[in-house]
Amino acid sequence: MKHPGEIRLTLYAGGELGWWEQFALTRHLHRCPACRRRVEMYRNDRKVISEALTGSDEFADWERLAAEMTANIHLGLAAGECVEQARAERTRPRWQRAIILAPIVLPVLVLAVVLLRMGQNPTATGKMDWVEGTLIETTGGSIEWRQGTAGLSLQIPPGGAVTYLVNARGEVRARYVDEETGQVTIHNVYAQ
Amino acid sequence: MCTRNRIVLALFVGCWIVSAQPPATEARSSLKVDFPKDSPVAVVGFDMGDSVTTTRGSAIVIDLRTLLTLRNAGSRRLRGVTLLVSTQESAVGGRASVSVPSLNVEPGGTFPVRINLRLLRPLAPAGPLVTVTLDGALFEDLSFFGPNLLNSRRSMMVWELEAQRDRRYFKSVLSASGPEVLREKLLESLARQAARPRLDVQVTRGRATNIDAARTVQFAFLGPAGAPVEPVAGSAMVSGGEARATSLEVINRSKRTVRYFEVGLILRDDTGREYLAGSVPASDPDLNLAPGARTRVTQDSTLRFMAAGGRPLAIAGLTGYVSQVEFADGSIWIPDRRALADPRLAEVVTPSPEEQRLADLYRRKGLQAVIDELSKF
């Protein structure tokens, strides 16, 4: 967990942060007792000093002085951001970084889940790297047509011998005798 | 838990919920069997068996185990059917067919056709994902019914002519030499089928991404005697077990116009072993090859062959032989049994579907079953 700096905590204690930073820092304080204690300490100091200076001529215009100090602090912060932009980005709240990364992370996560759930991802199990586009191939007991993520295979019942023949036009044929019916059966799969 | 972890967890849970949606459709509703109303082959019913539909991530997997029961609603004996199996991907490919040749179904008789298929596709809108229709039915008088989208008429005609040729052959063996010689012929057929090496194949349209250096291999040609067309030259680019850019030049030696032909493709590997790999068909769908005319066939698909089990195969030579010719009037030429008795062809050419069926019938039920079967034709 990365803690906000002293200046931000001080501005927070005085209620002088912008509403967005105020909101983010409030969320941080909810789960960080250390920073919460420091903010309480700054608030107590502010109260004690304010009470001690009440009625003093030297600091009669206390409100003007406080506004001047706040402006100086803001000026210092802005100058620091100009000099060290990278540091400012590093200190961006995490929820903001998550939103920025979401368009990258989300597709990766979706892809990971899809691949995990697809037990037989065709591009992972077959020989799709050999060709681009449509592929027909014979496997142990079928003729398979594949194109991208789509696939169709005609499967041959286990049993007798199978003869595979290919036609140079792009057709693959399997011929076998069906053990149950005794009929010769011929499968054809066409590339187009 | 910090904010970032909460966001990551929420994203994961969201993705999981999306991917864990129940199957978009049930297996039965995935299949539509749709025959023409005037079809001479009717659907009696279909059993979906243990078909299942499952969802895997963003894809749906349909395992169909279908046994269709069809009836010959025509007035002649049915010799074969071809069913077109199409999917919603058919617009970009993905068509298949299941054919059953060598049938002998009397009018009113029923017969089964088994279709086992697996479809993998992205999650789809509702509606049937697989449609089975009739592409063609062939009857004993060689009349044909069907839309013929897959040119199944030609294939079924070839199978039927081969069946008639081989039944004639086995009947002549039986009548001339007796049952024991018929048994020997059936045993020889079974032995040849068992000895034929099996090839696995991949095919794709266009060029593969394989960057191995390819060389041009010229075709050699075998008869058969009497073929209406004669291949005179041919070549393919070969690299390892891969052949592409197949090209053939043929002459029409007959006195009739040729509409279609196929040249059987025999591979020889680097050990000298030969395999029947398939065929090179005519590439021009509007071919009208006049008597004496020449034409060139070019096919841009890439074929990759592997010995059974995925063992690499190195193509050392290519041999072609004319395996079928269709004339302009629709009649078909196939090699006769004598031409196929050429030792080199006999060793590699696959038996016809009918010879395969009869030999298998002998294996399962014995010689008398084959004799009884032959007597039905």
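Can you run down the residue pairs with Cβ atoms below 6 Å, 6 or more apart or on separate chains, where the first is in the stretch B:174-196 and within 14 Å of chain A (Cβ to nearest Cβ) and the partner is part of a helix (DSSP H, G or I)?
Listed by first residue and then by second, the contacts come to B:Leu186/B:Ala359; B:Leu186/B:Tyr362; B:Ser189/B:Glu355; B:Ser189/B:Ala359; B:Leu190/B:Ala359.
Would the stretch B:313-328 turn up any residue that is surrounded by fewer than 16 Cβ atoms within 10 Å (Cβ to Cβ), among the hydroxyl-bearing types (Ser, Thr, Tyr), in contact (Cβ under 8 Å) with a residue 24 or more places away in the chain and in contact with a Ser or Thr (Cβ under 9 Å, 6 or more places away or on another chain)?
Checking the stretch B:313-328: not a single residue is surrounded by fewer than 16 Cβ atoms within 10 Å (Cβ to Cβ), among the hydroxyl-bearing types (Ser, Thr, Tyr), in contact (Cβ under 8 Å) with a residue 24 or more places away in the chain and in contact with a Ser or Thr (Cβ under 9 Å, 6 or more places away or on another chain).
Looking at the stretch B:158-173, which of the residues that are among the aliphatic types (A, V, I, L, M) and more than 14 Å from every other protein chain (Cβ to nearest Cβ) is nearest to the chain's Cα centre (by Cα)?
B:Leu161
Out of B:Arg28, B:Arg56, which single residue is away from every other protein chain (no Cβ under 12 Å) and modelled with pLDDT under 80?
That would be B:Arg28, the only listed residue that is away from every other protein chain (no Cβ under 12 Å) and modelled with pLDDT under 80.
Which condition number in (1) more than 47 Å from the chain's Cα centre (by Cα); (2) surrounded by fewer than 19 Cβ atoms within 10 Å (Cβ to Cβ); (3) within 7 Å of chain B (Cβ to nearest Cβ) is the one that A:Ala168 fails?
(2)
Does the stretch B:74-98 hold any residues that are at pLDDT below 95, of a type in the set (Ser, Thr, Tyr) and in contact with a strand residue (DSSP E or B) (Cβ under 6 Å, 6 or more places away or on another chain), and which are they?
B:Ser86, B:Thr87, B:Ser97, listed by residue number.
Is it true that B:Val217 is assigned by TED's automatic domain parsing to the domain that holds B:Ser279, out of contact with any Cys (no Cβ under 6 Å at 6 or more places or on another chain), modelled with pLDDT of 90 or more and among the β-branched types (Val, Ile, Thr)?
Here the answer is yes, as B:Val217 does meet what is asked.
Just to verify a result, which residue in the stretch B:361-377, among those that are out of contact with any helix residue (DSSP H, G or I) (no Cβ under 8 Å at 6 or more places or on another chain) and not in a loop (DSSP other than H, G, I, E, B), is farthest from the other protein chains (Cβ to nearest Cβ)?
Filtering first and then ranking leaves B:Ser375.
Scan the stretch A:1-43 for residues that are aromatic (Phe, Trp, Tyr) and modelled with pLDDT of 85 or more and jot them down.
Filtering the stretch A:1-43 for residues aromatic (Phe, Trp, Tyr) gives A:12, A:19-20, A:23, A:42.
If the condition is that a residue be aromatic (Phe, Trp, Tyr) and modelled with pLDDT of 85 or more, then A:Tyr12, A:Phe23 are the ones that fit.
I'd like to verify a number: residues in the stretch B:38-53 that are among the hydroxyl-bearing types (Ser, Thr, Tyr), farther than 17 Å from B:Ala73 by Cα and under 26 Å from the mean Cα position of the chain (by Cα), how many?
1
Just to be sure, is A:Gly141 of a type outside the set (Lys, Arg), in contact with a helix residue (DSSP H, G or I) (Cβ under 7 Å, 6 or more places away or on another chain) and at pLDDT 80 or above?
No, not satisfied.
Any chance you could count how many residues in the stretch B:267-287 are more than 14 Å from chain A (Cβ to nearest Cβ) and either within 15 Å of B:Glu242 (Cβ to Cβ) or at pLDDT 90 or above (or both)?
Taking the stretch B:267-287 and keeping what is more than 14 Å from chain A (Cβ to nearest Cβ), we get B:268-274, B:286.
If we keep only those that are either within 15 Å of B:Glu242 (Cβ to Cβ) or at pLDDT 90 or above (or both) as well, we get B:268-270.
Qualifying residue count, the stretch B:267-287: 3.
The values are calculated or read from the model by the stated rules, or taken from the named source; none is laboratory data. Source: prediction; values computed, not measured. In this analysis, Cβ positions are derived from the backbone assuming ideal geometry, glycine residues included, and neighbour counts consider all displayed protein chains.
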